[in-house]
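Okay, so here's the structure we're looking at.
The values are calculated or read from the model by the stated rules, or taken from the named source; none is laboratory data. Given the structure is predicted, the values throughout are model-derived calculations rather than measurements. Virtual Cβ from ideal backbone geometry, glycine too; neighbours counted across all protein chains shown.
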Amino acid sequence: MKLAKAFLQLVRWPNLVFIALTQFLFYFCVFDSFISEPGYVHRHLLFYLLMLASVCIAAAGYIINDYFDLQIDAINKPQKLIVDKIIKRRWAIIWHWVLSASGIALSLFISYKTGSWIIAIINFVCVVLLWFYSTTFKKKLLTGNVIIAALTAWVIVVVYFFAGASLGIWQHQTSLIDQRKFFKFCILYAGFAFIVSLIREVVKDLEDMDGDAKYNCKTMPIVWGVPPSKVFTAVWIIVCIGALVVVQLYVWQSGWWYIALYIIFLIVAPLFYILKKLYQAEQPSDYHSISSMVKFVMLTGILSMIFFIFLS
């Protein structure tokens, strides 16, 4: 039981649930609302396999990250150490390869069945990026942050390609789905995921400065300093708020006042609060609290997909 609990902690099971929930809502709420003709045939089993592939790849990424971060984590979060303390390093690397191989195999099968090989190609790239993120990119200025933010956005974009949509949406419109509107909302949610994830990654770097500095990591707070890193994060928070205000105006004009209220109170207001707490933050515990609030904003943003059920 202790080993099973440790394994679930190692793969960050709440984050895996979040990934699965995001894809589930984007497919069954957002995508379903843009089916323009009743002739579209859902591939539910394949979609669940896609969710499983995403979860396997993410879990493998968390494992390899902890595998290579053992010394740094011993300083930043010694109470949360699992690799080498509960699960041996040998078993950690085995589980990483098993989960990565499973994710790639599932992606190949899905691509074969759907004809969208971009799913298998990009998921393979994700596995490679997660490995090099853990070994190299995480310690580089901004590179690791952007990679994780992009991978977070891919969680949504991969569903777009799975659904049969393509990038050539402006040349033709002959499919059973309204690709143009679907594309716009894919960009909206993927962009939101990218920005919020980037914000959280920089906040985590601020929280982990002590351990990162000891092992010569070149993260933003170490290279630029804390004040510029705060300014960088604040700018992206403001960009996110600005984009949401524009969306809110469109939503309000469309008569969907309840969605506008949801955005105001559960996404925009928390972002303003995060902005205030970021200005006041000084200790690692302060940044940890902000990181948790950012996760809350991402959750409420993703849960807004449920409203599409009532709009379709």
Number of the exception - Leu299 against (1) free of Cβ contacts under 8 Å to residues at least 24 places away in the same chain; (2) within 18 Å of the chain's Cα centre (by Cα); (3) over 16 Å from Asp205 (Cα atoms): (1)
Within region 262-269, can one find any residue that is touching a Gly at 6+ places or on another chain (Cβ under 8 Å), modelled with pLDDT of 90 or more and not small (Gly, Ala, Ser)? yes
Are there any pairs with C-beta distances below 7 angstrom linking a residue in region 21-37 that is modelled with pLDDT of 90 or more to a residue that is of a type outside the set (A, V, I, L, M, F, W, C), with the two at least 6 apart or on different chains, and if so which? Gln23/Ser54; Phe26/Tyr189
Matching entry among Lys88, Lys80 (being under 25 Å from Leu21 (Cβ atoms) and of a type in the set (D, E, K, R)): Lys80
Single residue of region 93-117 satisfying the filter (at pLDDT below 95 and not polar (S, T, N, Q)) that is nearest to Asp205 (Cα to Cα): Trp117
Might you let me know whether region 38-47 holds any residue that is crowded, with 17+ Cβ neighbours inside 10 Å, touching a residue at least 24 places away in the same chain (Cβ under 8 Å) and either touching a helix residue (DSSP H, G or I) at 6+ places or on another chain (Cβ under 9 Å) or among the hydrophobic types (A, V, I, L, M, F, W, C) (or both)? yes
Counted residues, region 268-312 - those being in contact with a Lys or Arg (Cβ under 9 Å, 6 or more places away or on another chain) and of a type in the set (Ser, Thr, Tyr): 4
How about region 181-194: which of its residues are crowded, with 20+ Cβ neighbours inside 10 Å, within 20 Å of Ile241 (Cβ to Cβ) and not small (Gly, Ala, Ser)? Tyr189, Phe192, Phe194
Mind checking whether some residue in region 237-249 is under 15 Å from Val203 (Cα atoms) and either over 21 Å from the mean Cα position of the chain (by Cα) or buried (at least 16 other Cβ atoms within 10 Å of the Cβ) (or both)? yes
Considering only region 48-89, how many residues are among the hydrophobic types (A, V, I, L, M, F, W, C) and under 18 Å from the mean Cα position of the chain (by Cα)? 12
